Amino acid sequence: QGYLSNIEQKNPSLNALTEVYAEEALAQAKEVQEKINQGKAGRLAGMVVTIKDVFCHKDHSLQSGSKILEGFKSQFTATPIQRMLEEDAIIIGRNNCDEFAMGSSNENSYFGPVKNEAGENKVPGGSSGGSAVAVQSDMCLVSMGSDTGGSVRQPAAFCGVIGFKPSYGRISRHGLTAYASSFDCVGILSKSVDDAALVLEVVSGADEYDHTASQSKVPAFSKAPEWSEKFKVVSFDNINSHEAIDPQIKSAVDQVFAKVESEGNTVNRMDFNFLKYVLPTYYILTTAEASANLSRFDGVKYGYRSQNARDLESMYKKSRSEGFGEEVIKRILLGTYVLSEGFYDAYYTKAQKVRRLIRDEMKQLFADNDFIIMPTTPTPAFDLNSHDRDPLQMYLEDIFTVQASLAGMPAISIPCGTDKDGMPIGIQVICNSFEEEKLLSFSKYLQ
Ligand code: GLN
């Protein structure tokens, strides 16, 4: 009821939730209370969560922030969401997000932009902007998002909450709307590392419906102790002195390195040799995958169908043209272009090769270092509508988050103070694949 009253008060202006399941959540809460009374409560009993509008949730609407899924209801529940329900999490609502998780400001939603509670007229980041704001403004305790190239970490940084992206394959993607399948990760937004660890423990692990989900044993993440050993971290000079970095972000990061060094740990300073290739590689590969994934939305199988069609061909075309927003159309066109005959090798194949080089370079780094620390974003939250006419400026916002995504490695954004206007700053830590336990321990030390 507390969360519901926060939602009632704040959601009309923040627009973080597109649907609230008030009655259902209260009924669920009653059931959970019964179970608690009988000593049969699940591991998430009492945890009130919201889920990004990209997860299937049986008999509930799913629109992925798009008009094209208008009227669509899920026939099953996504594996990670199902696992949370089985442990007595209470789902209180569905989060607004950028259409098909494409965006860095949550301004690409069919349901309108989400507002950042920390600053009037500031974006919350994206694409899981609704999830970040729901946690920030106490509309829930934890929110489930998705992170393809930063969509959990970047809004977490902008809103002053924790955003955790696990290794690719740690959490099943069954029931998660596909954007770029070789990048997509389910991610967690929370206020404490402990909550993120517990949820990760519940939702991770093999799934017969997703064979890219790892079979490896799920460690007891919730028991990960605070890091106490000496460690070696990488600091990238060309990232910390990047021309796009706001000086306040730089000084927040410098302070973290100063603390780490003063406590007797090793900071290895170097350049990240592939920095200038990360965004082009990410945007070539993700648009290619998106153009294939989104071909299923044809006006026939799901949601919206144009009423203006004359024949089958124009029904497909008009349904897609009317149903998808501008950014999604742009990416489908870009992806179709880089996959087209004659350009495929020059763009798609080349980008795949660069992706491998980036991953190898990162693996190499972790042979001799424990963590990489760097800013989550070049700037604090920017003004609404400020990047409207400049897609490249918008894509530049992802420059520090796509690196871990290209490498499939786990990464977390942790709140690290505020700028002079009180807007949150986030610091990012990356570690080697499937070392989430280590990353969570270290996050407790840094938090
Ligand atoms: N902002 C990035 C993009 O638009 C990341 C999105 C995401 O992680 N889903 O692709």
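The values are calculated or read from the model by the stated rules, or taken from the named source; none is laboratory data. Small disclaimer: the values here were computed from a predicted structure and weren't measured. Reconstructed Cβ throughout: ideal geometry from the backbone, glycine too, with neighbour counts over all protein chains shown.
Data for the structure
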read-out: Residue list for the stretch 47-82, restricted to those being assigned to a strand (DSSP E or B) and either buried (at least 22 other Cβ atoms within 10 Å of the Cβ) or touching a residue at least 40 places away in the same chain (Cβ under 8 Å) (or both); value: V48, V49, T50, I51, K52, F55, S61
read-out: Of all residues making up the stretch 125-150, the number that are near the ligand (Cβ under 8 Å from one of its atoms) and either in contact (Cβ under 8 Å) with a residue 60 or more places away in the chain or in contact with a Cys (Cβ under 6 Å, 6 or more places away or on another chain) (or both); value: 7
read-out: Close pairs from the stretch 172-190: first closer than 11 Å to S405 by Cβ and modelled with pLDDT of 95 or more, partner part of a loop (DSSP other than H, G, I, E, B) and away from the ligand (no atom under 13 Å from the Cβ), Cβ under 7 Å, at least 6 apart; value: C185/P166
read-out: Answer residue from the stretch 151-181, given it is in a helix (DSSP H, G or I) and within 11 Å of the ligand (Cβ to nearest atom) and is farthest from D383 (Cα to Cα) among those; value: R153
read-out: For K420: the one exception among (1) away from the ligand (no atom under 16 Å from the Cβ); (2) within 23 Å of D271 (Cβ to Cβ); (3) in a loop (DSSP other than H, G, I, E, B); (4) not hydrophobic (A, V, I, L, M, F, W, C); value: (2)
read-out: Qualifying residue in the stretch 10-26 (condition: within 21 Å of A101 (Cβ to Cβ) and among the aromatic types (F, W, Y)); value: no
read-out: R355 being among the basic types (K, R), in a helix (DSSP H, G or I), within 16 Å of the ligand (Cβ to nearest atom) and closer than 17 Å to F183 by Cα; value: yes
read-out: Within the stretch 391-409, tally of residues that are aliphatic (A, V, I, L, M), within 10 Å of the ligand (Cβ to nearest atom) and either closer than 9 Å to V278 by Cα or buried (at least 21 other Cβ atoms within 10 Å of the Cβ) (or both); value: 1
read-out: Residue within the stretch 17-25 that is surrounded by fewer than 18 Cβ atoms within 10 Å (Cβ to Cβ) and among the polar types (S, T, N, Q) present; value: no
read-out: Condition check for N238: part of a loop (DSSP other than H, G, I, E, B) and among the polar types (S, T, N, Q); value: no
read-out: Lone qualifier among L85, L44 - being of a type outside the set (D, E, K, R), surrounded by 16 or more Cβ atoms within 10 Å (Cβ to Cβ) and free of Cβ contacts under 8 Å to residues at least 40 places away in the same chain; value: L85
read-out: Residue selected from the stretch 93-108 under the condition touching a residue at least 60 places away in the same chain (Cβ under 8 Å) and within 9 Å of the ligand (Cβ to nearest atom), by the criterion surrounded by the fewest Cβ atoms within 10 Å (Cβ to Cβ); value: N108
read-out: Pairs where the first residue, in the stretch 212-235, is over 21 Å from F366 (Cα atoms) and at pLDDT 95 or above and the second is part of a strand (DSSP E or B) and of a type outside the set (G, A, S), C-beta under 6 Å, 6+ apart; value: A213/D207
read-out: Residue that is at negative phi, at pLDDT below 95 and surrounded by fewer than 17 Cβ atoms within 10 Å (Cβ to Cβ), where the choices are A244, A258; value: A244
read-out: Exclusive hit being farther than 15 Å from L333 by Cβ and not aromatic (F, W, Y), set A309, A288, A292; value: A309
read-out: When residues of the stretch 428-442 are limited to those that are within 17 Å of V234 (Cα to Cα) and surrounded by fewer than 22 Cβ atoms within 10 Å (Cβ to Cβ), the one farthest from the chain's Cα centre (by Cα); value: K438
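Okay, residues lined up against (1) touching a residue at least 40 places away in the same chain (Cβ under 8 Å); (2) among the β-branched types (V, I, T):
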site	(1), (2)
L279	yes, no
I284	yes, yes
T287	yes, yes
A292	yes, no
Y302	yes, no
Q307	no, no
Y316	no, no
S321	no, no
F324	yes, no
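Quick grid of which residues meet (1) among the hydrophobic types (A, V, I, L, M, F, W, C); (2) surrounded by 20 or more Cβ atoms within 10 Å (Cβ to Cβ); (3) within 16 Å of the ligand (Cβ to nearest atom); (4) more than 25 Å from the chain's Cα centre (by Cα):
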position: S306; (1), (2), (3), (4): no, no, no, yes
position: M315; (1), (2), (3), (4): yes, no, no, yes
position: R320; (1), (2), (3), (4): no, yes, no, yes
position: I329; (1), (2), (3), (4): yes, no, yes, no
position: T336; (1), (2), (3), (4): no, no, no, no
position: Y344; (1), (2), (3), (4): no, no, no, yes
position: T349; (1), (2), (3), (4): no, no, no, yes
position: I373; (1), (2), (3), (4): yes, yes, no, no
position: S386; (1), (2), (3), (4): no, no, yes, no
